[in-house]
Amino acid sequence: MTTFADMVYALGGIPTFGPGGALAQAFTGNYWFVNETTGADGNPGNTPGQPFATLTRAQEVATASNNDVVFFSGTIHVTSTLTWAKNALHLIGVCAPSYNPRARISTLSGTTAFANFVKVTSSGCQFA
């Protein structure tokens, strides 16, 4: 495992970001980061060290049809359906390698149940 200066990990020493990196070749747009625990929607959101707190904010600043990527870590809580409405805007959960790795979208405890956490109304999006 290799650790890069931007605190993103890659297995096998393959650079994940930057020129020639695996994700740089796959996604040519901007990278946005979300971490509900350490982020704030007033942050710039374009580095893992200054993430947004919500997926809503990341989607607001992302450019449609630009192959932008929103990376989220940990659990992101939603209180109503998140509508994913920008074409070619990708959503990828990132987690540490461990016995039970988890990056997920969930509800807050005590939230009234609703059927869909995410509603996709756009096209060309990848979710992982």
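Below, the figures for the structure above:
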item: Among residues of segment 55-70, those that are surrounded by fewer than 20 Cβ atoms within 10 Å (Cβ to Cβ) and without any contact (Cβ under 8 Å) to a residue 24 or more places away in the chain, counted; result: 1
item: Those residues of segment 25-69 which are of a type in the set (Val, Ile, Thr) and either farther than 18 Å from THR83 by Cα or in contact with a Cys (Cβ under 7 Å, 6 or more places away or on another chain) (or both), in sequence order; result: THR28, THR37, THR38, THR47
item: Residue list for segment 91-104, restricted to those being out of contact with any Cys (no Cβ under 6 Å at 6 or more places or on another chain) and modelled with pLDDT of 85 or more; result: LEU91, ILE92, GLY93, VAL94, ARG104
item: Residue in segment 39-51 that is among the small types (Gly, Ala, Ser) and open to solvent by 50 Å² or more (accessible area, probe 1.4 Å) present; result: yes
item: Positions within segment 95-128 being within 13 Å of the chain's Cα centre (by Cα) and either over 27 Å from GLY29 (Cα atoms) or in contact (Cβ under 8 Å) with a residue 40 or more places away in the chain (or both), in sequence order; result: ILE105, CYS125
item: From THR83, THR111, THR79, residue being loosely packed, with under 12 Cβ neighbours inside 10 Å and either farther than 12 Å from VAL34 by Cα or modelled with pLDDT of 85 or more (or both); result: THR79
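The values are calculated or read from the model by the stated rules, or taken from the named source; none is laboratory data. Remember, predicted model here, so these are calculated numbers, not experimental data. Note that each Cβ is placed from the backbone with ideal geometry, even for glycine, and that neighbours are counted across all protein chains shown. Quick note on the areas: whole protein, heavy atoms, side chains included, nothing else; ligands and nucleic acids left out. Shrake-Rupley method; radii C 1.70, N 1.55, O 1.52, S 1.80 Å.
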